[in-house]
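The values are calculated or read from the model by the stated rules, or taken from the named source; none is laboratory data. Bear in mind the structure is a predicted one, so any value in this text is a computation, not a measurement. A quick note on method: Cβ atoms are made from the backbone with ideal geometry, for glycine too, and the neighbour counts reach across all protein chains shown.
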There are 2 protein chains.
Amino acid sequence: MDRQLRIVIIGGGACGPKTAARARRLDAAARICMVQDEELISYAGCGLPYYISDVVKSRNALLVRDAASFKKLSNVDVLTGTRVESIDRAGHKITLMELATERKYSLDYDKLVIATGSSPVVPPIKGIDLKGVHVLKRVPDADEIRALINESISKKAVIVGAGLIGIEMAEALSARGLEVTVVEALNKVLPGILDEEISDLLTDHIKSKGVTLKLGRKVVEFRGEGERVSHAVTDKETAEGDVVIFAIGVRPNSKLAKDAGLETGPFGDIVVNECLQTSDPDIYSGGDCVANVSIITGKKMFVPMGSTANKHGHVIAANITGGSEKFPGIVGTACVKVFDFNTGRVGLGEKQALDAGFEAVTALVPGPDKPGSSPGSREVIIKLIVDKKTRRILGGQGTGPGEVVKRIDVLATAITMGMTVDILADLDLAYAPPYNSALDVLHHAANLVRNKLEGRTTGITPADVKKKISDGDDFALLDVRSKFEADRTWIEAPQVRLLPQPKLYDDMDKLDDERETVVVCRRGGRAYQACCTLKNAGFRDIKFVEGSLICWGADDVCGEQVL
Amino acid sequence: MDRQLRIVIIGGGACGPKTAARARRLDAAARICMVQDEELISYAGCGLPYYISDVVKSRNALLVRDAASFKKLSNVDVLTGTRVESIDRAGHKITLMELATERKYSLDYDKLVIATGSSPVVPPIKGIDLKGVHVLKRVPDADEIRALINESISKKAVIVGAGLIGIEMAEALSARGLEVTVVEALNKVLPGILDEEISDLLTDHIKSKGVTLKLGRKVVEFRGEGERVSHAVTDKETAEGDVVIFAIGVRPNSKLAKDAGLETGPFGDIVVNECLQTSDPDIYSGGDCVANVSIITGKKMFVPMGSTANKHGHVIAANITGGSEKFPGIVGTACVKVFDFNTGRVGLGEKQALDAGFEAVTALVPGPDKPGSSPGSREVIIKLIVDKKTRRILGGQGTGPGEVVKRIDVLATAITMGMTVDILADLDLAYAPPYNSALDVLHHAANLVRNKLEGRTTGITPADVKKKISDGDDFALLDVRSKFEADRTWIEAPQVRLLPQPKLYDDMDKLDDERETVVVCRRGGRAYQACCTLKNAGFRDIKFVEGSLICWGADDVCGEQVL
């Protein structure tokens, strides 16, 4: 190229700076300019809840680089406090406005990158403009929320939305000493992210930390005392709080692109191909303003993540400097710390799998994250979702005080590569007592799915057993734990009978082999084994409770291991 | 089948009990008998070093089940303290001897499982029978070593062999207050397991814990005072110690199989097919007495692991009860805690890859295991090994105080599925500040390998730079860290020049672009970037130091992050 390539990048969050820095490494001569409407660039937005909670000790720790250092290190011109007003695609130029002075000017480009991110959804609820009602997206939002916390008189907060940010903020505000109420329109926490079994465990855990959960409620109004909010009114009750975080979701910032005639998609996303190129070949887009292809279904999904935005920047940088890279898509991996429970998910949930046309077979398996004899051993609960026809792993979720995220990362890798449950069952995972048991909880989950696929066993979820009890069904609920364990926790129901597993062979003839029998223990392992024994002995209708008392909510997951 | 299937299992460690328990679940009627020469069955052999160090508080915590409970829970007859003398394949029976009474008798089988495990290699070194020289394999070994520690007068120990067990024992004996010397015939710790770069970091760490390492030495004699050992004599020196652990490796217990005419392999292993069936169709074998197929090379390798033994048992149980399962092989995953450094490996090392005919491209990348601003963020150092031709990941290794094993498990999953480095670079790993950075250290390693594959950059290892310095080579070693960092740690060499990265564009013309220039920083990231800048500016011979000062041994890996 005879003259310098002119690259203009709109947006200085994650994808923008990544694009700029790598473009510079790939093209020493290019003129690279990044435009940002905020004063700050390149900050760790995902760290904001931890700055609010004081877990991250310094605001500066969130700032990766500033405009001056970006110029020095990567020779990138950064225009902060500057808004792009419009894109003239035919003329290959954009119009900008310096926000402080309202000065307008234009900038030519050869390649344009739109990395405008996403913005919190804020519907026109009455009172939403009251002081004290805030979204969390940018560093100044966090500064203002910190100030709100300090000024709070009621020391009560309301969080609207039990998604990732809502839950992180529930922990952050609790850590700052506020009494927190979370209002969620759907009937579980982390809806759309977690299946019931895992979400229910989190609900119990969040409540145990003193947070009030109001599920299945819509906020209809905010009321104030003077200019400051004091209450959130739902369709069912009123919740007190002079700090209100509004976190019901985000949507792509695609207006600029849309106004320029670029194609947008069903999520309000800027449509891109696998090279992250928009419908205009000289314009690329990445980060939160685009949707991503699911590697599992091949369909687009909107999962805005800082991790994905960084990878997008890497790909775009190559493609605007003459290279050719493709972004392969995502598998919907997410993780979140929920007080003492590490939580993660990947791929399709059970209902998502059914909706996508798969026949899903699942396993719900609790287990220690390393041998119980190793110091620091903690419980994890994993749900595995597998396609019956191809035996491919479709998804996985987990929670618990133990090392959940390692398992989620293994499943993310497995799902990306189309691994079957059979390969997972024999996967050569690292084993040594300080790190894991000889068989990982993922191995147990894979084997349970296989046993269900082969028709060797039938499981039932704790929720379904609870319903049978409350419906007054005629069935036997056989508890095969020890007397010692049963004395500590007990399911109060007329159907329950204790028969410790070691006595099963001797006392089996005292049971009615014609009656529907559901076997339960602490984690499900002994119940599964007893179930096999009884099935082999001719019991007609026999099931075991997957996850058993751990997933029932009847046993303390954080408690000491008793076997 | 009209009559009961008779299953006999020789060996009660890991594979044997797993086979028996699952065979019972799959076949209610079978007569299952397990023969064990020890008194104990089904114990956690890998936990023994932690029982010796008192990390595992109770001996009972290592015992998974005993003969009586196995009978009650799984209706398996267990003959402990009983040795199998011979196998009569034609007659489908084995001869046994009850060790206490020396009574001999025979037992018929339809399906026989040989799960005899492995034994420590003990060469006929002079003095090896002295009291105080011990191997570690079984629970009584651990009991005796605990007694030896208590009786020790010199409070000094010698460990022969710096493999997994040798290193675990170095930590265990140090924890018990002994002064430990490790003697290893090869010239690094964990030879055959780790590449130099990772092994060298461990060497520094182990030494920092007060352990004396004597590498490249052979023990030629043990000397004693009276009946008890007092010194180990190597070909170079004498090391004092009245507790000596002999841990140079294990070999399969295959004599019984060999005597019965079953095929054995190059490792002394009992040869099995993918169904874990020996050369006799009615005899199966699994656990430490067999070798495993490498999923990467298709060749057999001997990697005895308790995790693999359990999976073998699962497969064998199906196959001896009329099912048909296959064991897919292993990828050579291992992990070990080395004092404060979490350490792991998977797949082929660099030299192993070259030996197997691959052209290996590697990356050595340090990084924090989660954002530096998150509490508990710690360093990990990853080496990634990739095949140049297919771009497939061949292996990975890591160490450091941070979360290494998660990355190893991700790589184990990736390698099992034949993942390329390009897929790894965009792999959708779980991201949230309490767990990881937006880009994982594996993403950085993958991107570095890709940049090397595309010829965009050239790396050099710290070891090679050290050699250039000691050879007095004429080159510039450009340190692009800050003045503050350089004041803390400094490479003492005439070739070194400090030029902080932010001044690079301004001061570049003061450097000689014709001279060989090697760029270094703390972790390698800034050096890589500076290297790109200088290469783009026309420097002819420019490289960056992979892993930089972290892998140089010049910076405290455990220390505070300074940027």
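Quick notes on this one:
- One residue stands out among those in region A:222-242 that are touching a residue at least 40 places away in the same chain (Cβ under 8 Å) and not in a strand (DSSP E or B): the one that is nearest to residue A:126 (Cα to Cα), which is A:227.
- Single unsatisfied condition, residue A:452 versus (1) in contact (Cβ under 8 Å) with a residue 60 or more places away in the chain; (2) within 12 Å of chain B (Cβ to nearest Cβ): (2)
- Output for region B:392-403, where each listed residue is at the interface with another protein chain (Cβ under 9 Å from one of its Cβ atoms) and under 23 Å from residue A:426 (Cβ atoms): none
- Residue in region A:299-321 that is among the small types (Gly, Ala, Ser), more than 8 Å from chain B (Cβ to nearest Cβ) and in a loop (DSSP other than H, G, I, E, B) present: no
- Odd one out for residue B:145 among (1) crowded, with 22+ Cβ neighbours inside 10 Å; (2) of a type in the set (A, V, I, L, M); (3) closer than 16 Å to residue B:41 by Cβ: (3)
- Elements of type strands (runs of 3 or more DSSP E) in region A:493-561, at least 3 residues being crowded, with 16+ Cβ neighbours inside 10 Å and modelled with pLDDT of 95 or more: A:517-520, A:542-545
- Of the residues screened, residue B:376 is one that is free of Cβ contacts under 8 Å to residues at least 60 places away in the same chain, within 14 Å of chain A (Cβ to nearest Cβ), surrounded by fewer than 24 Cβ atoms within 10 Å (Cβ to Cβ) and within 30 Å of residue B:207 (Cβ to Cβ).
- Looking at A:481, A:488, just one residue is touching a Pro at 6+ places or on another chain (Cβ under 7 Å), more than 10 Å from every other protein chain (Cβ to nearest Cβ) and within 27 Å of residue A:404 (Cβ to Cβ), and that residue is A:481.
Residues are listed down the side, and each one gets a yes or a no for (1) charged (D, E, K, R); (2) under 17 Å from residue B:118 (Cβ atoms):
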| residue | (1), (2) |
| --- | --- |
| B:264 | no, yes |
| B:272 | no, yes |
| B:275 | no, no |
| B:278 | no, yes |
| B:282 | yes, no |
| B:286 | no, yes |
| B:296 | no, no |
| B:299 | yes, no |
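- Residues that are surrounded by 14 or more Cβ atoms within 10 Å (Cβ to Cβ), among the hydrophobic types (A, V, I, L, M, F, W, C) and without any contact (Cβ under 8 Å) to a residue 40 or more places away in the chain, drawn from region A:74-103: A:97
- The residue pairs whose first member lies in region B:204-220 and is without any contact (Cβ under 8 Å) to a residue 24 or more places away in the chain, whose second member is of a type in the set (A, V, I, L, M, F, W, C) and assigned to a strand (DSSP E or B), and whose beta carbons are closer than 7 Å, counting only pairs six or more residues apart or on different chains, are B:207/B:213.
- Residue that is nearest to residue A:339 (Cα to Cα) [pool: residues in region B:422-441 that are hydrophobic (A, V, I, L, M, F, W, C), more than 7 Å from every other protein chain (Cβ to nearest Cβ) and surrounded by 24 or more Cβ atoms within 10 Å (Cβ to Cβ)]: B:441
- Residue A:363 away from every other protein chain (no Cβ under 11 Å) and crowded, with 24+ Cβ neighbours inside 10 Å: yes
- Restricting region A:26-59 to residues that are without any contact (Cβ under 8 Å) to a residue 40 or more places away in the chain and over 30 Å from residue A:146 (Cβ atoms) leaves a set whose member that is surrounded by the fewest Cβ atoms within 10 Å (Cβ to Cβ) is A:29.
- Taken over region B:404-421, the criterion of being without any contact (Cβ under 8 Å) to a residue 60 or more places away in the chain, at the interface with chain A (Cβ under 8 Å from one of its Cβ atoms) and among the β-branched types (Val, Ile, Thr) is satisfied by B:410, B:413.
Results for (1) closer than 21 Å to residue A:538 by Cβ; (2) outside the structural domain of residue A:543 (by TED's automatic domain parsing); (3) touching a residue at least 24 places away in the same chain (Cβ under 8 Å), shown as yes or no for each residue.
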position: A:494; (1), (2), (3): no, no, no
position: A:498; (1), (2), (3): no, no, no
position: A:510; (1), (2), (3): yes, no, no
position: A:521; (1), (2), (3): no, no, yes
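- Of the candidates A:262, A:256, the single residue that is more than 30 Å from residue A:383 (Cβ to Cβ), modelled with pLDDT of 95 or more and not in a loop (DSSP other than H, G, I, E, B) is A:256.
- Every residue from region B:84-106 that is among the β-branched types (Val, Ile, Thr) and more than 16 Å from residue B:7 (Cα to Cα): B:101
- Failed item, numbered, when residue A:136 is tested on (1) of a type outside the set (D, E, K, R); (2) part of a strand (DSSP E or B); (3) closer than 30 Å to residue A:150 by Cβ: (2)
- Residues satisfying the stated conditions in region B:279-298, i.e. buried (at least 24 other Cβ atoms within 10 Å of the Cβ) and assigned to a loop (DSSP other than H, G, I, E, B): B:286, B:290, B:296
- Among the residues making up region A:322-353, those that are among the small types (Gly, Ala, Ser), at the interface with chain B (Cβ under 10 Å from one of its Cβ atoms) and under 13 Å from the mean Cα position of the chain (by Cα) are A:332, A:334, A:344, A:347.
- Pair list, Cβ < 7 Å and 6+ apart or interchain, from region A:328-350 residues that are at pLDDT below 95 to residues that are in a loop (DSSP other than H, G, I, E, B) and crowded, with 24+ Cβ neighbours inside 10 Å: none
Table: residues versus (1) crowded, with 19+ Cβ neighbours inside 10 Å; (2) more than 19 Å from the chain's Cα centre (by Cα).
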site: A:139; (1), (2): yes, yes
site: A:156; (1), (2): yes, yes
site: A:192; (1), (2): no, no
site: A:199; (1), (2): yes, no
site: A:220; (1), (2): no, yes
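- Taking the criterion of being among the charged types (D, E, K, R) and either touching a Ser or Thr at 6+ places or on another chain (Cβ under 7 Å) or within 14 Å of chain B (Cβ to nearest Cβ) (or both), the residues of region A:265-298 that qualify are A:269, A:274, A:288.
- Residues of region A:112-126 that are surrounded by 18 or more Cβ atoms within 10 Å (Cβ to Cβ) and within 20 Å of residue A:219 (Cβ to Cβ): A:120 alone.
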